[in-house]
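The values are calculated or read from the model by the stated rules, or taken from the named source; none is laboratory data. This structure is a prediction, so every number in the text was calculated from the model and none was measured. Heads up, the Cβs are rebuilt from the backbone with ideal geometry, glycines too, and the neighbour counts pull from every protein chain shown.
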Amino acid sequence: MTSPLQQKLKVTGPVVITANRLGDGAVVYRSADGRWTKDLTAAAVVTTAPAAMELLTAALADRLAAVDAYVAPVELTPQQQVLPGNLREQIRFNGPTVAPPGEG
Amino acid sequence: MPLVKEGHLVEDRFVRVLDDAPVPEGVSVILPAARLLADARELVMRQAPTGVIWPNDRKVAELVPYLDWLALVALVFPNFRDGRAYSQARLLRERYHFRGELRATGQVLRDQLLFLQRGGFDAFEVTKDADAAAFAEAVGRYSVFYQPTGDGRASTLTARRARGPSMTFKGRREYLADSRSR
Amino acid sequence: MYIYDDFDRTLLDERVRDFRDQVARRLSGELTEEEFKPLRLMNGVYLQLHAYMLRIAIPYGTLSSEQMRMLAHVARRYDRGYGHFTTRQNIQFNWIKLEELPDAMADLARAGLHGMQTSGNCVRNVTTDQWAGVAPDEIEDPRIWAELLRQHLTLHPEFSFLPRKFKIALTASAHDRAAVKVHDIGLRMHCNGAGETGFEIIVGGGLGRTPFIGKTIKPFLPKRDLLSYVEAIMRTYNQYGRRDNIYKARMKILVHDLGAEKFAHEVEEEWLSIKDGALALDPAVVADIAARFRYPEYEVLDDNPPELARAREDERFRGWLDNSVTNHKRAGYAIVTLSLKPEGGPPGDATAAQMEAIAALANRYSYGEIRVGHEQNLALPHVAQRDLPALWRALDDIGVATPNVNLVSDIIACPGLDYCSLANARSIPVAQEITRRFRDLDLARNLGRLHINISGCINACGHHHIGHIGILGVEKNGEEYYQVTIGGRADENAELGTILGPAVPYGEIADVVEDVAAAYLELRARPDELFIDTVKRVGVEPFKERVYAAR
């Protein structure tokens, strides 16, 4: 698989950098101060390819904390609330759309 | 690049000769494949040991005419996930009875060392110093091997035969009787 | 089932210690993710959307009660209280933490369970028919041979870094319940003209991006030669399989590119050099493995005992009996399938509580043994017919007695976009909706045997190519769409399905399935003409017309 750094970054809207935490696999987002957070509202949101590339490069270099970082779209509400930008990111953020067995 | 032989770090007495460079006298050399094949007639006369580095996408059967005088064959792992040289190694040792140094080169990491040794490699250009230092520990990790290879370790096939049946004869009779019932 | 000896147990312990060290080196940064990934895959550890996923092997689909209880323990202690049984007779846990994995694996090892080679570019779980050892139409128990192969190919020093994953399946019945024709190596045990039992060797089958039905390269291989011949195939693949493009690296591509005849020739040449060497199986070696297969001490019983005859008067019991219970090779016994496809439920999942209850029931009614099928259902293989009524009540209580086995609501589905990082679309909610549409048992029975397979992406883990109705989730402009095929089958007449028409959006896929079912009812020649036979007879066009008329 080509590394995200080699893929040509196409940024057409607001994006964040997301990954999975090494120790437990939890979904995390890159914050502006160079840390990883589970809180999407605390993620650094950028809107240009160079800015995304910069964040991504730093994220990928931080290999002890999080794995397989990539650029993910987000949606900004009129109130500037940050929401996941597609179904896959919604599922990563909110969990599966289906209840586990026995809880349906 | 640390070289491990017989379980510890050693000096590499072999010198790599690049494609068209002259082959130095009295020095152990490792030549590229094309060079060996082109100059075999002269090389066999050399006093010093001669080795070859053989690519992993070429049949080792081509080396058969030279195996009785080659001192070393180096095989290649372009990345550690490319496992073609494991087959090449086993063929060289077990099919063609190569007795010289069989060296693993390329990306050679700790978690491949035991597999490599089992395959017949006896020299390892280990990529990381820490892995070279941990060689003995890495190859001592397992004591049970399901498959026989040319490395001399007993496999479970032979070990179980030597031990004798582990279950009572009744167990076996049950199995046979059952497969005939109804 | 196979009982581990000291060698097997020791290897497992050594593997756990090895993995513990590998995890420690990853967490400390000594190993990069790139170096660690193949190592964790070789222990069945994936990184998925939400967390790590652990895939545990259930060799040839056979589990003891004790092992089932251990799976329940892992679900409770390390996960979120449930597990998912897969199309290759494995189980998956979706919420595992890497930090806790060595402990989870140590626990599993105590019960003889592991995740060795359930992922990665090595040989995966060798699967077979979930009725192996008890099916009436079987010529002998294929699991002995599956175990021989499993051992030979576990931590094999030459074949642990293959071009791509490698899957082997065996069958020993005329009716192939193991889908051997869509595996890298399929082995069909059969008798030759001279009264000997041996293997037909079928290679290069597989699903995924480029599906192929396997080709026979050796009609009859004596048992003695099984390991050496498989070794020759593996060595040929290891050397000549493509390494430059992961989408062209499976053995099916090599077989297709070389042609079956040339491939067979390469294998044969290699095999001739090794067939009489250390891998020639002598009967003592086979007997040693066979001796550790424990079989029940069956009682001498009659078919259709009075308890059973009386219970048949209960309509619900009768419905379950006719659907979920099959003939056993032994008089007075039966094979019971436990449906993990309740209405509205995620297909193939079981809670820890269910696992524990099933373990207890297996102890009581099935000599402590459970089977996992690649239809993602379980089975109890050694049930006395007189115990069926009591067993049924207990199964019903825990929700695994839905009488829909092999019917339209017995859906096979991959986890899909709800869990899997490779997926393009969700599969579980599609399956759930379909089970709701077909909740009426009379309708389901009327439709008869009808396999629906759903995959959330082209990797086809739901085996949609060989579904009677196959559903493939794709992404179109950020939306989930589903492509439908019909006419696939997985058995000895294996065939890939044909595309029905343009993909439809998420909101319409259940409607399409209802329309396909309605079309079948209209087109079938007789009530007992199966869906798959109607498709064969009339072709895809009449279905396409009816389903897409209004779309």
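If you go through segment C:244-256 and keep only what is within 14 Å of chain B (Cβ to nearest Cβ), surrounded by fewer than 21 Cβ atoms within 10 Å (Cβ to Cβ) and touching a residue at least 24 places away in the same chain (Cβ under 8 Å), you end up with C:246, C:249. Whether a residue is closer than 26 Å to residue C:476 by Cα, in contact with a Ser or Thr (Cβ under 9 Å, 6 or more places away or on another chain) and within 14 Å of chain C (Cβ to nearest Cβ) was assessed, and residue A:96 does not pass this test. Only a single item in (1) free of Cβ contacts under 8 Å to residues at least 12 places away in the same chain; (2) aliphatic (A, V, I, L, M); (3) away from every other protein chain (no Cβ under 14 Å) is not met by residue A:61, and it is number (3). Regarding segment C:409-424, can at least one residue be identified that is surrounded by fewer than 23 Cβ atoms within 10 Å (Cβ to Cβ), among the polar types (S, T, N, Q) and either assigned by TED's automatic domain parsing to the domain that holds residue C:466 or free of Cβ contacts under 8 Å to residues at least 60 places away in the same chain (or both)? Yes - at least one qualifying residue is present in segment C:409-424.
Scanning segment C:138-175 for residues that are charged (D, E, K, R) and in contact (Cβ under 8 Å) with a residue 60 or more places away in the chain returns C:138, C:141, C:143, C:147, C:150, C:158, C:164, C:165, C:167.
Kindly indicate whether any position in segment C:25-40 is part of a helix (DSSP H, G or I) and within 21 Å of residue C:418 (Cβ to Cβ). If you could, list the steps in order and put the result at the bottom.
Looking only at segment C:25-40, we keep the residues that are part of a helix (DSSP H, G or I), and these are C:25-27, C:33-40.
Pick out the ones that are also within 21 Å of residue C:418 (Cβ to Cβ) and you get none.
No, there is no match, as no residue in segment C:25-40 is part of a helix (DSSP H, G or I) and within 21 Å of residue C:418 (Cβ to Cβ).
Just one of the numbered conditions (1) among the aliphatic types (A, V, I, L, M); (2) crowded, with 23+ Cβ neighbours inside 10 Å; (3) under 30 Å from residue C:298 (Cβ atoms); (4) out of contact with any Ser or Thr (no Cβ under 9 Å at 6 or more places or on another chain) is not true of residue C:174: (2). Annotation: residue C:325 fulfils all but one of (1) closer than 22 Å to residue C:178 by Cβ; (2) modelled with pLDDT under 95; the unmet one is (2). Within the bounds of segment C:380-394, is there any residue that is without any contact (Cβ under 8 Å) to a residue 12 or more places away in the chain and under 30 Å from residue C:528 (Cβ atoms)? Scanning segment C:380-394, I find no residue that is without any contact (Cβ under 8 Å) to a residue 12 or more places away in the chain and under 30 Å from residue C:528 (Cβ atoms), so the answer is no.
Here is the figure for segment A:64-86: residues that are within 7 Å of chain C (Cβ to nearest Cβ) and of a type in the set (A, V, I, L, M, F, W, C) total 2.
Considering only residues in segment C:46-64 that are of a type in the set (Phe, Trp, Tyr) and part of a strand (DSSP E or B), the one that is farthest from residue A:66 (Cα to Cα) turns out to be C:46. Within segment C:165-195, being within 14 Å of another protein chain (Cβ to nearest Cβ) and under 22 Å from residue C:268 (Cα atoms) holds for C:166, C:189, C:191.
Just checking, which of C:241, C:198, C:204 is within 14 Å of another protein chain (Cβ to nearest Cβ), touching a residue at least 24 places away in the same chain (Cβ under 8 Å) and among the small types (Gly, Ala, Ser)?
Of C:241, C:198, C:204, the one residue that is within 14 Å of another protein chain (Cβ to nearest Cβ), touching a residue at least 24 places away in the same chain (Cβ under 8 Å) and among the small types (Gly, Ala, Ser) is C:241.
Quick one: count up the residues across segment B:18-30 that are within 16 Å of residue B:125 (Cβ to Cβ) and free of Cβ contacts under 8 Å to residues at least 40 places away in the same chain.
Selection size over segment B:18-30: 1.
Filtering segment B:1-52 to residues that are of a type in the set (Gly, Ala, Ser), closer than 30 Å to residue B:110 by Cα and assigned to a loop (DSSP other than H, G, I, E, B) leaves only B:7.
Whether any residue in segment C:278-288 is of a type in the set (Gly, Ala, Ser), part of a helix (DSSP H, G or I) and more than 28 Å from residue C:85 (Cα to Cα) is what I want to check. Checking segment C:278-288: at least one residue is of a type in the set (Gly, Ala, Ser), part of a helix (DSSP H, G or I) and more than 28 Å from residue C:85 (Cα to Cα).
Restricting attention to segment C:290-339, the residues being facing another protein chain (nearest Cβ under 10 Å), more than 23 Å from residue C:373 (Cα to Cα) and part of a helix (DSSP H, G or I) number 1. Scoring residue C:259 on the criteria (1) within 13 Å of chain B (Cβ to nearest Cβ); (2) free of Cβ contacts under 8 Å to residues at least 12 places away in the same chain leaves a single failure, condition (1). The criterion of being free of Cβ contacts under 8 Å to residues at least 60 places away in the same chain, surrounded by 20 or more Cβ atoms within 10 Å (Cβ to Cβ) and not in a helix (DSSP H, G or I) holds for residue C:485.
Of all residues in segment B:140-157, exactly one satisfies the criterion of being touching a residue at least 40 places away in the same chain (Cβ under 8 Å) and either within 9 Å of another protein chain (Cβ to nearest Cβ) or outside any loop (DSSP other than H, G, I, E, B) (or both), namely B:149.
Among the residues of segment C:405-446, the ones that are in contact with a helix residue (DSSP H, G or I) (Cβ under 6 Å, 6 or more places away or on another chain), under 20 Å from residue C:531 (Cβ atoms) and outside any strand (DSSP E or B) come to 10 in all.
Hey, any hits in segment C:376-387 for a residue that's in contact with a Lys or Arg (Cβ under 8 Å, 6 or more places away or on another chain), facing chain A (nearest Cβ under 10 Å) and not in a loop (DSSP other than H, G, I, E, B)? Scanning segment C:376-387 turns up no residue that is in contact with a Lys or Arg (Cβ under 8 Å, 6 or more places away or on another chain), facing chain A (nearest Cβ under 10 Å) and not in a loop (DSSP other than H, G, I, E, B).
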